[in-house]
Amino acid sequence: MSAKSVKGEHGKKPASAAVNLIAGGGAGMMEALVCHPLDTIKVRMQLSRRGRTPGQKKRGFVATGRDIVKRETVFGLYKGLGAVLTGIVPKMAIRFTSYEWYKQLLADKDGVVTSRATFLAGLSAGVTEAVAVVTPMEVVKIRMQAQYHSLSDPLDVPKYRSAPHALLTVVREEGLGALYRGVSLTALRQGTNQAVNFTAYTEFKEILQRWQPEYQGQNLPSYQTTLIGLISGAMGPFSNAPIDTIKTRLQKTPAEPGQTAVSRIVAISKDMFKQEGFRAFYKGITPRVMRVAPGQAVTFTVYEFLKSHIETSNWLNLGTGNYEE
């Protein structure tokens, strides 16, 4: 297993919060714009009850996407995008900044970060972003994505008209705590995602740099960053698909009076297994992998590109003088 200095392969101090805000936020916005339709299809598939009745045919991700476009126009694929864009900048800033902070915290006395430390730093960063930003953002996003209304029919007025309206409606009707419904599952999903993602990405990056000595001490070509981001991004969804499906159903509906979060999770899990079988826990896995894998490829590629350009220029006074020893 590889290990490296906490200051990174380029001999620089970890990027500042300002760099992570700009580079991470830009990467996140690009990822959301490119991949959000697949996330909407994934959510609809996870919420679908098709297949419960014997003989009823389940709908695949292509048919689900086509049905959304047919009934709700192509803009239906972008429901909840406002909530995502609102939270994506702080989410990515928190992810990369906390990841670097946790790496420094977990480094040994010689400043070396092992693969185990990288895994734990990614896990902690995922949990941090889940609690700080992702859970409220996803509650609002899922409520909007779950609405089966046509955006082309002015008379078909949805319950949630926009992300801010959905946020205020949920808080008014269900209380502030509703925004943190499913926080434990979201934290578990984000934590495992980022633990696997950062560890795999770091390992692949170091392997490619060893194979190509000319790239020691500098960034890999963008196409290589995209490739290893794609591969590392695909690993997370397979490791936690059941968690994500249960979380989606938990966040979609209000809680019953007197029902605890644990009892709801157990009830949803039992009902899914009894009514739809084990495969129900993997509903939406195809669009999720298609969403997350290229999303991580876009995120790492854009992040590395923006971070490199910010640190090698004097833009916004964030030049290399602030980061070089």
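The values are calculated or read from the model by the stated rules, or taken from the named source; none is laboratory data. Note that the structure is predicted; figures quoted are calculated from it, not measured. Cβ: placed from backbone, ideal geometry, glycine included. Neighbour counts: every protein chain shown. Accessible surface areas use protein heavy atoms only, side chains included; no ligands, DNA or RNA. Shrake-Rupley method; radii C 1.70, N 1.55, O 1.52, S 1.80 Å.
Things worth noting here:
Residues are listed down the side, and each one gets a yes or a no for (1) surrounded by 17 or more Cβ atoms within 10 Å (Cβ to Cβ); (2) polar (S, T, N, Q):
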residue	(1), (2)
S115	no, yes
A121	yes, no
S124	yes, yes
I142	yes, no
Q145	yes, yes
A163	yes, no
L176	no, no
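- Qualifying residues in segment 72-96 (those that are open to solvent by less than 20 Å² (accessible area, probe 1.4 Å) and among the charged types (D, E, K, R)) - the one farthest from Y160 (Cα to Cα): R95
- Inspection of segment 200-210 finds no residue satisfying the criterion of being more than 14 Å from A297 (Cα to Cα), touching a His at 6+ places or on another chain (Cβ under 9 Å) and open to solvent by 10 Å² or more (accessible area, probe 1.4 Å).
- Residue within segment 98-107 that is in a helix (DSSP H, G or I), of a type in the set (G, A, S), in contact (Cβ under 8 Å) with a residue 12 or more places away in the chain and within 21 Å of F281 (Cα to Cα) present: no
- Against the conditions (1) open to solvent by 20 Å² or more (accessible area, probe 1.4 Å); (2) at pLDDT 90 or above; (3) not charged (D, E, K, R), Y99 satisfies every one except (1).
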